[in-house]
Amino acid sequence: MSDTVEAAAPHSAFDTILVLDFGSQTSHLVVRRLRSFNVYCEMLSCTTKLAELTWKPVGIILSGGPSSVYDEGAPHVDPAIFDLGVPILGICYGCQEIAWRINDKNVARGDAREYGETDLSIHKVGGDPDRLFEGLGDCLHVFMSHFDKLVRLPEGFVKIASTKNAEFAGIAHESKPIFGIQLHPEISHTARGTDILRNFAVNICKARADWEMENFTEKEVNRIRKLVGDKAQVIGAVSGGVDSTVAAKLLKEAIGDRFHAILVDTGLMRLNECEQVKETLQEHLGINLTIVDGSELFLGRLAGVVEPEAKRKIIGGTFIDLFEIEALRIEKGAENTPLAGKVEWFLQGTLYADIIESLSFRGPSATIKSHHNAGGLPARMQNGEAQLKLLEPLRELFKDEVRSFGRQLGIHEDLVMRHPFPGPGIGIRIIGEITPERVEIVRRADHIFISMIKEAGLYQEVTQAYAALDTNRAVGVQGDSRVYGYICILRAVTSLDMMSAEPYEFSWTLLKAISRRIVNEVDGIARVVYDTTSKPPGTIELE
């Protein structure tokens, strides 16, 4: 985690797999999959030099990435890792990196892209090369995401898998534990992908599957106390979602009333959101809470803005402007009291999924979008030049892990399992200009949608759901009159870690009932559509 203050690192006590990140948007899922069967794993940039490591991994995984391995300036791994004597697995770009290092003619642009799901044929050759796909049969349904591919079998390797488009979709060295696969086993669309990673980590690397993130609360509380010190105060952005609620409760446990939670009413909140957050944090969890009404400021700055990235930057910048004002107010109010101290830290409930979709965090990853908790922040915050320093205790974690820690902290299950709500709120659920009228339309439609999901007993089956607005207009008929109204977009997905997601399959009867209510009860909406896009290729939020 950022600004880490801790005692012995886990790799000193547990067998550790090292993931070298070439910038794939799903690199961290490799870590998540290994954790799922209790093998400890750390991820570092692909530019890491072996000489810089103070510890020896039991195995190395080379991730995928957006570059072409043969391009000038493409990232490459330290050649010394191949002399370390530990098993190596290359995934997608990592597989191409292994082949390219042997001969730069081994990798080239393919005749056709291979993006999405396909069938993989497994070729048994006898001996150690078969260990990677051991017990997985002769064919697997897998997820691919590549244009480049291996066009020749590297010297000293054998073919262990192929697809219709990729003759060498899996390779293994004849005598060394070095493997390469073009598929992505970390993606949930790959059947038995976790088993492939388990075969590598446990059966080939012989890593002990004995790691558990126990006592996280105690360790993180101690880390935060050391980082913040005895006098400094912390303010934190809260939205009522599980991430900011867990982060706020963690800070309350660590530094008590020196933590101040702030809910900014941006004018882009869900129906009754501010009242619900106040009840949750202040009354139930005993957290200092201040509600700041910034609705006129936010909506004024967003007037006329239609470009999604510009919206996120404006919202992120306005958040920080208001928080820096609040920091001064809190400092002034604490003078001559036992809580006197400078407000030095700004808490956010940022998760890793937010980071890798926003920034080139640990490798040369491509930016998908700015997140209000990351790329949406002003440069002075990201560069540590602002009045407030960022404190992000959850930034290495996935949603399901955060929920688990929330339970450790004693947060009620209804709060732990509440659907996520982004900091920019309704602002990134309106395609086009944000106006007070359009915000109110989305707010009312969203309330109907979520209420009917709950009434149907499906809320816990759905990971995230919301109503959004396409500000293009469509013709409709209501009564005997022609109407010309907006298009309401309904979105509901299921996901384990928010890095990949599938649309939720509502019954047709329920979808029609939801649509009918929204059109009948929300003035300004002429049609309702349901978004069936998976992630990837889509994102969960619209903008």
I'm trying to understand the selection: among the residues of the range 79-109, which are surrounded by fewer than 17 Cβ atoms within 10 Å (Cβ to Cβ), of a type outside the set (A, V, I, L, M) and assigned to a loop (DSSP other than H, G, I, E, B)? Gly85, Asn103, Asp104, Lys105
Go through the range 529-541 and give me each residue that's of a type in the set (A, V, I, L, M) and open to solvent by less than 30 Å² (accessible area, probe 1.4 Å). Ile540
Would you point out which residue out of Gly363, Gly349 is among the small types (Gly, Ala, Ser) and at pLDDT 80 or above? Gly349
Of the residues in the range 12-48, how many are touching a residue at least 12 places away in the same chain (Cβ under 8 Å), open to solvent by 40 Å² or more (accessible area, probe 1.4 Å) and farther than 18 Å from Ala80 by Cβ? 5
Of (1) surrounded by fewer than 17 Cβ atoms within 10 Å (Cβ to Cβ); (2) over 25 Å from Gln25 (Cβ atoms), Thr494 satisfies every one except (2)
Checking Asp400 against (1) open to solvent by less than 30 Å² (accessible area, probe 1.4 Å); (2) within 17 Å of the chain's Cα centre (by Cα), only one condition comes out false. Which one? (1)
Only one of (1) touching a Ser or Thr at 6+ places or on another chain (Cβ under 8 Å); (2) surrounded by 24 or more Cβ atoms within 10 Å (Cβ to Cβ); (3) outside any helix (DSSP H, G or I) does not apply to Leu140, and that is (2)
Within the range 374-394, track down each residue that is surrounded by fewer than 22 Cβ atoms within 10 Å (Cβ to Cβ), under 19 Å from Trp345 (Cβ atoms) and modelled with pLDDT under 80. Pro378, Ala379, Arg380, Gln382, Asn383, Gly384, Glu385, Ala386, Gln387, Leu388
Six or more apart or on different chains, Cβ atoms under 6 Å: show the pairs whose first residue is in the range 80-102 and in the same structural domain as Leu132 (by TED's automatic domain parsing) and whose second is open to solvent by 10 Å² or more (accessible area, probe 1.4 Å) and assigned to a helix (DSSP H, G or I). Ala80/Leu50; Ile81/Leu50; Pro87/Ile204
Which pairs do you get when a residue that is over 14 Å from Lys231 (Cβ atoms), found in the range 321-336, comes within reach of a residue that is open to solvent by 40 Å² or more (accessible area, probe 1.4 Å) and outside any helix (DSSP H, G or I), reach meaning Cβ atoms under 6 angstrom, with the pair 6+ apart or on two chains? Glu324/Gln387
Checked the range 426-441 for anything open to solvent by less than 20 Å² (accessible area, probe 1.4 Å) and under 14 Å from Leu302 (Cβ atoms); matches are Ile426, Gly427, Ile428, Arg429, Ile430, Gly432, Ile434, Val439
Evaluate the following for Ala51: is it over 12 Å from Ala207 (Cα atoms), hydrophobic (A, V, I, L, M, F, W, C), open to solvent by less than 40 Å² (accessible area, probe 1.4 Å) and outside any loop (DSSP other than H, G, I, E, B)? no
Quick check, is Ile489 within 27 Å of Ile434 (Cβ to Cβ), modelled with pLDDT of 95 or more and surrounded by 15 or more Cβ atoms within 10 Å (Cβ to Cβ)? yes
Pairs with Cβ under 7 Å, 6+ apart, first in the range 299-313 and free of Cβ contacts under 8 Å to residues at least 24 places away in the same chain, second outside any loop (DSSP other than H, G, I, E, B): Arg301/Ile314; Arg301/Thr318
Is it the case that some residue within the range 447-463 is among the aliphatic types (A, V, I, L, M), open to solvent by 10 Å² or more (accessible area, probe 1.4 Å) and within 21 Å of Asp243 (Cβ to Cβ)? yes
Set Ala467, Ala445, Ala501, Ala474: member being of a type in the set (Gly, Ala, Ser), in contact (Cβ under 8 Å) with a residue 40 or more places away in the chain and within 28 Å of Val402 (Cα to Cα): Ala467
Within the range 143-181, can you find the residues that are part of a strand (DSSP E or B) and modelled with pLDDT under 90? Phe143, Met144, Ser145, His146, Phe147, Asp148, Lys149
Spans of helices (runs of 4 or more DSSP H) in the range 182-284 with at least 3 residues open to solvent by 10 Å² or more (accessible area, probe 1.4 Å) and at pLDDT 90 or above: 193-198, 216-228, 242-255
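The values are calculated or read from the model by the stated rules, or taken from the named source; none is laboratory data. The structure presented is a predicted model; accordingly, all values stated were derived computationally and were not measured. Cβ sites come from the backbone with ideal geometry, for glycine too, and all protein chains shown count toward neighbours. All accessible areas refer to the heavy atoms of the entire protein, side chains included, with ligands and DNA or RNA removed. Shrake-Rupley method; radii C 1.70, N 1.55, O 1.52, S 1.80 Å.
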